[in-house]
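J.: The following block contains the structure, expressed as structure tokens.
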Amino acid sequence: MSSIYLPLTGSSGGFSASLYALLVICPAVLMYNYLSSIGARPCAPSVELTTMPGVRVSKILIHPLKSCRGISVQHSRYTPEGLEYDRRWCIIEAKEKTVITAREFPKMVLITPKIEGDVLSISFPHGSGCEPFSLPLCPNQTILDRWERLEKIMMWHVPFDAYICEALPSPPSRSPSAVLSSYFGRPVHLVYKGAQPRACDPTATHPKLEANAVFQDCFPLMVLSEESTTRIEEELRGHVGTQGIDERWKTESLVIERFRPNVVFQGAGPFAEDSWEEIRIGSGPIISMVSKCTRCLLPNVSPDTGERDKAVPYKTLMKFRTGFDPQDKMKPCVGCNGVPSANGEIRVGDCVAAR
């Protein structure tokens, strides 16, 4: 295509600089300011990925304490190990030194972390008898040296180190581990991830995968489209009254927080993420989609009540979301697991490019 030449000489036959500024520069500035005001950032051009018009980040969720309530944020930095502060802490059995989750203890989802400056505050449901406490959000080596180090805790049969957390600003009457032991009715410890890397397993599409995670189940990031959850809800409505699916699901919403994603997209359509091999969010680095996210019964746990539904959404997912994971075709899949190639930052409103 031939280029168009617009002379800026100001002559009667030319295109004046002032008119050029009015027609071209000013609208561009206004559009940039508008995108900035809603938290969006224009995508950088890419020869590898295709920008998807209308597809934006609608929600960012971090879960500082594994299996506990998530925090919705407007922006977050990330590394190849995941979002900043996401799943850096977990709860372990005091004797066996194994990680516990809301699969076994659904009321974990009612424990509420909150980031306040450089402090992570932890609170409990009313009536639990458990007092809140606070932790350093980014414990430095001096602090870690004061905490007891556990050389080997276990998560999915993989050993690595961790530190038993102590509260700020000074130890309360009970330690965090004692408070949590009271909540669970069994001896547990609150721990912070140590320096030993935790390698991710290779996948069918990435057999030579070299990636590390913290306390995420398997991979650094999980992404999901809003429309995917809407589609599951539509399918659910058609099965109310069968297989133990209660009548309340005729009207009750299936909130996306049940699936515990990190990055939620809007505008891509139901399960669009299934076809993505790589994505770029805003102007950040490439994020590889290394596998589909296979699902257990954890999404059956309500993030509002901590109660596990006997059927929803797992039985619905089994009807139309199996066969997507080549390594386990009998497990239903919702969302995709991602591994960032480098450090980056995302904001609500960022656009998305994909391959």
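The numbers here are math on the coordinates, done by the rules we state, and not lab data. It should be emphasised that the depicted structure is a prediction, and the values quoted were computed from it without experimental measurement. Neighbour counts are summed over all protein chains in view; Cβ atoms, including those assigned to glycine, are modelled from backbone coordinates with ideal geometry.
J.: Pick from MET222, MET154, MET108: which residue has the top mean-square fluctuation in a GNM of the chain where Cα pairs under 10 Å get a spring?
T.: Of MET222, MET154, MET108, the most mobile in the Gaussian network model is MET154.
J.: Quick one: net charge of MET330's neighbours, Cβ under 12 Å, K/R +1, D/E -1?
T.: Details: positive: ARG295, ARG321, LYS329, LYS331; negative: ASP325, ASP328.
Charge balance in the 12 Å sphere: +2.
J.: Please identify which residues in segment 179-213 have an amide N closer than 17 Å to a label point set 7 Å out from the Cα of ARG149, following the Cα→Cβ vector.
T.: Only 191-198 fall inside the zone, counting backbone N under 17 Å.
J.: Another question, then. For a quick protection proxy, order the peptides 174-187, 82-95 by their average other-Cβ count within 10 Å, most packed first.
T.: Highest to lowest by the protection proxy: 82-95, 174-187.
J.: Which of these, ARG69, ARG258, ARG56, has the largest mean-square fluctuation under a Gaussian network model of the chain (Cα springs below 10 Å)?
T.: ARG258
J.: For the pair VAL119 and THR251, how long in nm is the line joining their label points, each one 7 Å along Cα→Cβ?
T.: Placing both labels 7 Å beyond Cα along the Cβ direction yields 4.2 nm.
J.: Also, I was wondering about something else. For Cα pairs less than 8 Å apart in space and 6+ apart in sequence, what is the mean separation divided by the residue count of segment 127-176, i.e. the relative contact order in percent?
T.: Working: 46 pairs, mean separation 18.0, N = 50.
After rounding, I find 36 percent.
J.: If each residue's Cβ is checked for other Cβ atoms within 10 Å, how do ASP325, ASP145 rank with the fewest at the top?
T.: Ordered from fewest to most neighbouring Cβ atoms within 10 Å, ASP325, ASP145 come out as ASP145, ASP325.
J.: On a C-alpha basis, how far is the centre of segment 227-269 from the centre of segment 288-355 in Å? Whole number, if you could?
T.: Comparing the Cα centres of segment 227-269 and segment 288-355, I get a distance of 13 Å.
J.: Follow-up question, since we're still on this one. For Cα pairs less than 8 Å apart in space and 6+ apart in sequence, what is the mean separation divided by the residue count of the chain, i.e. the relative contact order in percent?
T.: 23
J.: A follow-up question, please. For volume of the Cα convex hull per residue in Å³, several values are listed as (i) 167; (ii) 192; (iii) 141; flag the one computed from this structure.
T.: The listed entry that was calculated here is (ii).
J.: Taking neighbour counts of Cβ atoms within 10 Å as a proxy for exposure, in what order, fewest first, do HIS126, HIS206 appear?
T.: Listing HIS126, HIS206 from fewest to most nearby Cβ atoms yields HIS126, HIS206.
J.: Treating only the Cβ of Lys, Arg, Asp and Glu as charged (+1, +1, -1, -1), what charge dipole size does segment 50-354 show about its Cα centre? Round to the nearest 20 debye.
T.: Rounded to the nearest 20 debye, it is 460 debye.
J.: Moving on. Which residues in segment 55-87 place their backbone N less than 18 Å from a point set 7 Å from the Cα of CYS138 along the Cα-to-Cβ direction?
T.: Only 62-65, 74-87 pass the distance filter.
J.: Shifting gears a bit: Note down the Stokes-Einstein diffusion coefficient of segment 123-245 in µm²/s, whole number, using a Kirkwood radius over alpha carbon pairs, 4 °C, and 1.567 mPa s.
T.: For the chosen part, D equals 71 µm²/s.
J.: Helix 226-237 sits at what angle to the longest principal axis of the chain, using alpha carbons and giving 0 to 90 degrees rounded to 10?
T.: The helix 226-237 is inclined about 60 degrees to the chain.
J.: Past 22 Å, Cα to Cα: identify those pairs from LYS208/LYS292; LYS114/LYS292; LYS250/LYS292, in the order given.
T.: Over 22 Å apart, Cα to Cα: LYS114/LYS292; LYS250/LYS292.
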